[in-house]
Amino acid sequence: MANHKTSNASQTTREAQELLSVRHLKTYFPIKSGVLQRVTGYVKAVDDISFKLYPGQTMSLVGESGCGKTTAGRTILRLTPKSAGDVLFEGKDIYQLDAQELRALRPQMQLIFQDPYSSLSPRMPVGEIIAEAPRQHHIVPKAQFDAYIDKIMKDCGLQPYHRDRYPHEFSGGQRQRICIARALALNPKFIVCDEPVSALDVSIQAQIINLLMDLQAQYNLTYLFISHDLSVVEHISDLIGVMYLGDLVERGTKKEVFARPLHPYTQALFSAIPVPDPDYKMNRIILEGSIPSPANPPAGCKFHTRCRYCMAICKQQVPPSYEVEPGHVVNCHLYAGSPVVDDLVGSDDMEQQLTREKLAASGDIAAGAATARGQLSAEEIVSETLKEEARADSQGAVLDRGRKWMQEREQQLERMQADRRQVETAAAALQDEAAPAVRPDDSSKTEESLK
């Protein structure tokens with residue numbers, strides 16, 4: 001009985017530590033036709049997804065265009081109405097809040113839009129764009145307001161003299177910094193990043209991603225990062241969820257999903273990641289078959305029309321969630337021998353596995369073993385020190401790979417230049433041999449004829 005009480009107490013503590021809990025969320029859009037505009041069907045943009053997020057974490061939603069990533073993010077923020085399910089923020093169901101309670105909650109949940117060009121008002125200076133919402137929500141006292149806005153702009157890489165300029169006077173990367181500053185000015189706890197770097201070039205992408213990671217470490221932010229760029233996702237994420245046609249088909253920690261993708265769709269996505277090695281031969285997995293419509297998804301597994309491992313059961317039954325590894329959950333009949341878990345139980349295992357990876361990255365083997373036995377408290381699980389060390393290790397690995405690739409690329413260019421010089425030298429020698437010898441008499445005759 002005592003052990004049972006202890007278990008309930010620890011479960012209550014973990015639920016209290018959860019920042020965001022999404023439970024069986026569905027978002028359907030009605031299809032209307034006819035003169036009377038009757039509902040004839042539904043577009044199932046988000047179809048029963050569940051996950052949890054703890055303070056300071058980054059979860060990335062990846063998948064091809066149209067799979068429901070952005071709709072999921074907007075539904076979580078209550079910008080798009082849900083059809084079913086629950087969204088709990090710090091234990092409160094945001095869809096049960098009235099207008100006044102929701103207004104009080106809005107500053108804690110923010111959104112960074114995909115397009116920095118259209119999400120900023122062209123008629124307002126930058127300082128007013130950033131300061132408008134904090135002024136309305138009374139984030140800081142009036143006497144400290146200007147200093148607070150200057151600090152937010154400085155943290156986002158903007159200067160105080162930028163306050164009087166308009167959005168059209170900035171580059172794309174600077175405009176995205178303005179969008180980040182606008183969200184950060186409300187002192188949020190949770191930010192949905194809806195493909196914040198997809199409209200930027202590669203060099204600016206790296207600056208914005210590093211800025212987001214620095215701000216997360218400084219303000220203990222929690223991100224839901226929506227992207228289709230897997231290289232960016234690998235750099236910033238703690239957890240990864242793969243979406244296909246409204247379903248969350250696979251989820252786990254970044255290390256597990258990248259090291260061992262389980263779902264056939266995840267494997268096809270990862271096979272398309274470009275490798276910076278000209279001598280490496282990529283083994284692309286080409287998806288064949290028809291692409292289903294979210295308005296009329298196929299029965300059973302939605303991916304069976306394009307899956308190379310399709311079985312008879314895939315066309316009849318929706319696959320449950322199988323936990324193949326601790327914290328690594330996949331919805332696929334290929335792993336039918338694995339234990340079936342509830343979506344949110346799988347999220348708890350994912351959190352524990354993420355903690356083990358970070359403890360291992362920090363070299364604390366004893367603490368990692370204690371975590372595996374479930375002996376660490378919730379405060380230790382979300383330790384900021386471990387998160388920063390793990391993030392530093394990840395950044396170091398990315399930089400090392402980048403340096404190695406640059407060295408290999410420089411060596412390849414040097415070899416190409418040397419080969420080109422040899423070819424040019426050989427061509428010049430052949431031209432000299434083929435050119436007829438010109439005698440002095442012939443040259444004088446040529447000059448006389450020209451005269």
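The values are calculated or read from the model by the stated rules, or taken from the named source; none is laboratory data. Just so we're clear, the structure is a prediction, and the values are computed from it rather than from any experiment. Reconstructed Cβ throughout: ideal geometry from the backbone, glycine too, with neighbour counts over all protein chains shown. Side chains are part of the model used for accessible areas, which takes the heavy atoms of the whole protein and leaves out ligands, DNA and RNA. Shrake-Rupley method; radii C 1.70, N 1.55, O 1.52, S 1.80 Å.
Data for the structure
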{"quantity": "Check on PRO278, surrounded by 12 or more Cβ atoms within 10 Å (Cβ to Cβ) and either of a type in the set (Phe, Trp, Tyr) or in a loop (DSSP other than H, G, I, E, B) (or both)", "calculated": "no"}
{"quantity": "Residues of the stretch 245-275 satisfying the condition of being crowded, with 23+ Cβ neighbours inside 10 Å and among the hydroxyl-bearing types (Ser, Thr, Tyr)", "calculated": "THR253, TYR265, THR266"}
{"quantity": "Residue that is farthest from ALA185 (Cα to Cα) [pool: residues in the stretch 102-145 that are charged (D, E, K, R) and at pLDDT 90 or above]", "calculated": "ARG123"}
{"quantity": "Selection count, the stretch 219-239, where residues are open to solvent by 10 Å² or more (accessible area, probe 1.4 Å) and assigned to a strand (DSSP E or B)", "calculated": "0"}
{"quantity": "Residue pairs meeting the criteria (Cβ under 6 Å; at least 6 apart or on separate chains; first more than 26 Å from GLU132 (Cβ to Cβ) and free of Cβ contacts under 8 Å to residues at least 24 places away in the same chain, in the stretch 83-111; second open to solvent by 30 Å² or more (accessible area, probe 1.4 Å) and of a type in the set (Asp, Glu))", "calculated": "ASP93/ASP86"}
{"quantity": "Residue within the stretch 172-193 that is open to solvent by 60 Å² or more (accessible area, probe 1.4 Å) and over 28 Å from the mean Cα position of the chain (by Cα) present", "calculated": "no"}
{"quantity": "Residues (among the hydrophobic types (A, V, I, L, M, F, W, C) and not in a strand (DSSP E or B)) located in the stretch 26-76", "calculated": "VAL35, LEU36, CYS67, ALA72, ILE76"}
{"quantity": "Test: LEU111 is assigned to a loop (DSSP other than H, G, I, E, B) and crowded, with 18+ Cβ neighbours inside 10 Å", "calculated": "no"}
{"quantity": "Among the candidates ALA206, ALA199, residue that is open to solvent by 20 Å² or more (accessible area, probe 1.4 Å), of a type in the set (A, V, I, L, M) and farther than 18 Å from ARG182 by Cβ", "calculated": "ALA206"}
{"quantity": "Some residue of the stretch 83-100 being open to solvent by less than 50 Å² (accessible area, probe 1.4 Å), at positive phi and in contact with a Gly (Cβ under 8 Å, 6 or more places away or on another chain)", "calculated": "no"}
{"quantity": "Matching residues, the stretch 129-146, being among the polar types (S, T, N, Q) and touching a residue at least 12 places away in the same chain (Cβ under 8 Å)", "calculated": "none"}
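Here's the yes/no breakdown for (1) small (Gly, Ala, Ser); (2) in a loop (DSSP other than H, G, I, E, B):
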{"position": "ALA104", "(1), (2)": "yes, no"}
{"position": "PRO107", "(1), (2)": "no, no"}
{"position": "PRO122", "(1), (2)": "no, yes"}
{"position": "GLU128", "(1), (2)": "no, no"}
{"position": "LYS151", "(1), (2)": "no, no"}
{"position": "HIS168", "(1), (2)": "no, no"}
{"position": "ARG182", "(1), (2)": "no, no"}
{"position": "GLN205", "(1), (2)": "no, no"}
